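**Student:** Structure incoming, see below.
Readers should treat all values here as calculations from the given coordinates under stated rules, not as data from a laboratory. The shown structure was predicted, so the numbers you read here are calculated from the model rather than taken from an experiment. Please note: Cβ atoms are built from the backbone with ideal geometry, for glycine as well, and neighbour counts cover all protein chains shown.
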Amino acid sequence: MKRIEELVRPNIQKLAPYSCARDEFKGEASIYMDANESCLAGPDGRYPDPLQTEIKEKLRTYTGLRPEQMMLGNGSDEPIDLVYRVFCNPGVDNVVAIAPTYGMYKVAADINDIEYRSVMLEEGSFALNAEKLLAATDAKTKVVWMCSPNNPTGNKIGMAEMEKVLEKFEGIVVVDEAYGDFTDETILGKVADGKHKNLIVLKTFSKAWGLAGIRCGMAFADASIIALFNKVKYPYNVNILTQRRVLEALGNEAAFRRDVRTIVEARDMLEARLRSGEIGSVRHVYATDANFVLVKFDDPVRVYKALVERGIITRNRNSVTMCEGCLRITTGTKAENEELLKALKEIG
């Protein structure tokens, strides 16, 4: 791979980052008169830790990584945007991504004026062909995007194929593991081994941790990349209320593991029932490793609208290439899954 210094935008390399009050003083004091905060406010009136040090120390337990290899963001969308802002020159560079996949990679590319190239996964299996992905790159390709388990298809992307991309591509490789907690497979160890300085792994508190409302995503990478992210990100990007809630969740690993097991069991039951043939309009159920299932129907628009009329909201993916005819159904509670199945039988 190229050295990180060769991949960074020149203006970012030269950037003198903003230094906030909490960067200049670290530690505890009895009187704070440095940040122009309200002297009448309580704990919420203080600026939060800009580097979320306490959270990162707790994340060591879950990742085996050092704090300097971690960046927390306002959802995963913030580090996605930072990848473009740090590495991609507007109107010059391009990125390559699997397709179909999470739509924010392309939206962020369009916002940052970066050419976005899609490489279709294999028809039917949604498997990755590393050689096809690499063939779409050229001298101006700065980033390759992969998502595993993938959204909206639900399947894990083959680890061996992802490793081929990581080994052969000279630029930045991003693997989004937003749904990774629902599987026993992760590429995070490639960050830990220190040999893959071009790898960025994204995770989130929105899915398995059940904290979508607090908007907290994670990026894990070599310390040189994290330093660049911290240089460019806004100083207090993760608010103090979010930090408290994350710390509370990280302090209860048993609840997290229990909830993951419960969701996976409910997902497996839902997938099996959808495959059983009891619902005549189901044409195909794609294998899933996430907390949702992609289902092909005879008439997905009719089914979608009929479910809406019953107060059940799914995601219509019929207009997505390779997902024609499909609805994406998030796993609910056992009772919610039964209501869905009952409604699908009634709709016919």
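**Student:** I'd like the distance separating the alpha-carbon centroids of the stretch 120-191 and the stretch 21-70, in whole Å.
**Tutor:** 34 Å
**Student:** Positive end of the charge dipole of the chain (Lys, Arg +1 and Asp, Glu -1 on Cβ, about the Cα centre): tell me which of I279, N36, C326 has its Cα farthest that way.
**Tutor:** So the residue furthest toward the plus end is I279.
**Student:** Sticking with this structure for a sec: Just going by the charge dipole of the stretch 4-251, with Lys and Arg at +1 and Asp and Glu at -1 on Cβ, which of M159, N237, I200 is farthest out on the positive end?
**Tutor:** N237
**Student:** Let me ask something else. Residue by residue through the stretch 248-256, what is 3J(HN,Hα) from phi via Karplus (6.51 cos²θ - 1.76 cosθ + 1.60, θ = phi - 60°)? Round to whole Hz and write x for glycine and proline.
**Tutor:** Result, rounded to whole Hz: 4, 5, 5, x, 10, 4, 4, 5, 4.
**Student:** Once you have a ≥ b ≥ c as the square roots of the Cα gyration tensor eigenvalues for the chain, tell me rounded if a/c is under 1.5, and otherwise prolate or oblate according to whether a/b is larger than b/c.
**Tutor:** oblate
**Student:** Additional query: Using a ≥ b ≥ c from the Cα gyration tensor of the stretch 254-347 (square roots of the eigenvalues), is it rounded, prolate or oblate, where a/c under 1.5 gives rounded and otherwise the larger of a/b and b/c decides, a/b for prolate?
**Tutor:** Prolate, since a/c reaches 1.5 and a/b exceeds b/c.
**Student:** Pairing rule first: another cysteine's C-beta must sit under 4.7 Å. Under that rule, which cysteines of the chain stay single?
**Tutor:** Within the chain, the cysteines lacking a partner Cβ under 4.7 Å are C20, C39, C88, C147, C216.
**Student:** With each label point set 7 Å from Cα along the Cα-Cβ vector, what nm distance links T262 and E68?
**Tutor:** 4.0 nm
**Student:** Could I ask something else about it? Place +1 on the Cβ of every Lys and Arg and -1 on the Cβ of every Asp and Glu in the chain, take the dipole about the Cα centre, and give the residue among A227, F169, I4 whose Cα lies farthest towards its positive end.
**Tutor:** In the chain, that residue is F169.
**Student:** Then there is this: Starting from the Cα of R315, step 7 Å along the direction of its Cβ; do the same at K26; then give the gap between the two resulting points in nm.
**Tutor:** Distance between the two pseudo-spin positions: 3.7 nm.
**Student:** Which FRET efficiency value, to the nearest 0.05, is calculated for N89 and M159 with the Förster distance at 45 angstrom and r the Cβ-Cβ distance?
**Tutor:** Efficiency at R0 = 45 Å is approximately 0.90.
**Student:** Relative to the Cα centre, what is the charge dipole magnitude of the chain, using +1 at the beta carbon of each Lys and Arg, -1 at the beta carbon of each Asp and Glu, and rounding to the nearest 20 debye?
**Tutor:** 140 debye
**Student:** Still on this model: How large is ³J(HN,Hα), in whole Hz, for each residue of the stretch 143-153 in order, when computed from phi with the Karplus curve 6.51 cos²θ - 1.76 cosθ + 1.60 and θ = phi - 60°, using x for Gly and Pro?
**Tutor:** 3J(HN,Hα) across the stretch 143-153, in whole Hz: 9, 10, 10, 9, 10, 8, x, 7, 10, x, 7.
**Student:** Answer rounded, prolate or oblate for the stretch 110-163, using the Cα gyration tensor with square roots of eigenvalues a ≥ b ≥ c: rounded when a/c is under 1.5, else prolate when a/b is larger than b/c, else oblate. Please report the intermediate quantities before stating the final value.
**Tutor:** Values: a/c = 2.08, a/b = 1.51, b/c = 1.37.
Prolate is the answer for the stretch 110-163, as a/c is 1.5 or above and a/b outweighs b/c.
**Student:** Moving on. Mind checking the dipole of the stretch 66-192: about its Cα centre, +1 per Lys or Arg Cβ, -1 per Asp or Glu Cβ, Debye to the nearest 20?
**Tutor:** 200 debye
**Student:** Given the Cα-Cα distance of A227 and S125 and 0.36 nm per residue of separation, how much length would full extension add, in nm?
**Tutor:** 32.9 nm
**Student:** Here's something else I'd like to know. Would you grab the residues whose amide H sits under 5 Å from the one on G332? Only those 5+ places off in sequence or on another chain, please, with H modelled 1.01 Å from N.
**Tutor:** Answer set, sorted by chain and number: N337.
**Student:** Tell me, what is the percent relative contact order of the stretch 4-251, built from C-alpha pairs under 8 Å that lie six or more residues apart?
**Tutor:** Numbers: 412 pairs, mean separation 62.9, N = 248.
Relative contact order here is 25 percent.
**Student:** Assuming R0 = 45 Å, what is the FRET efficiency of D110 and K58, from their Cβ-Cβ distance, to the nearest 0.05?
**Tutor:** Using R0 = 45 Å, I get an efficiency of 0.80.
**Student:** Under the rule of at least 5 residues apart or a separate chain, name every residue whose amide H is placed under 5 Å from the amide H of I200.
**Tutor:** The list, which skips near neighbours in sequence, is V173, V174, V175.
**Student:** Tell me, what HN-Hα J-couplings in whole Hz come from the Karplus equation 6.51 cos²θ - 1.76 cosθ + 1.60 at θ = phi - 60° for each residue of the stretch 343-348, using x for Gly and Pro?
**Tutor:** 5, 5, 5, 5, 5, x
**Student:** Among E78, E161, E37, whose mean-square fluctuation peaks in a Gaussian network model of the chain (Cα, cutoff 10 Å)?
**Tutor:** Of the options given, E37 has the highest mean-square fluctuation.
**Student:** Right, next: Tally the DSSP beta bridges in the chain and give the antiparallel ones as a percent, rounded to 5.
**Tutor:** 50 percent
**Student:** Among E265, E185, E123, which one moves the most in a GNM of the chain with springs linking Cα atoms closer than 10 Å?
**Tutor:** E123
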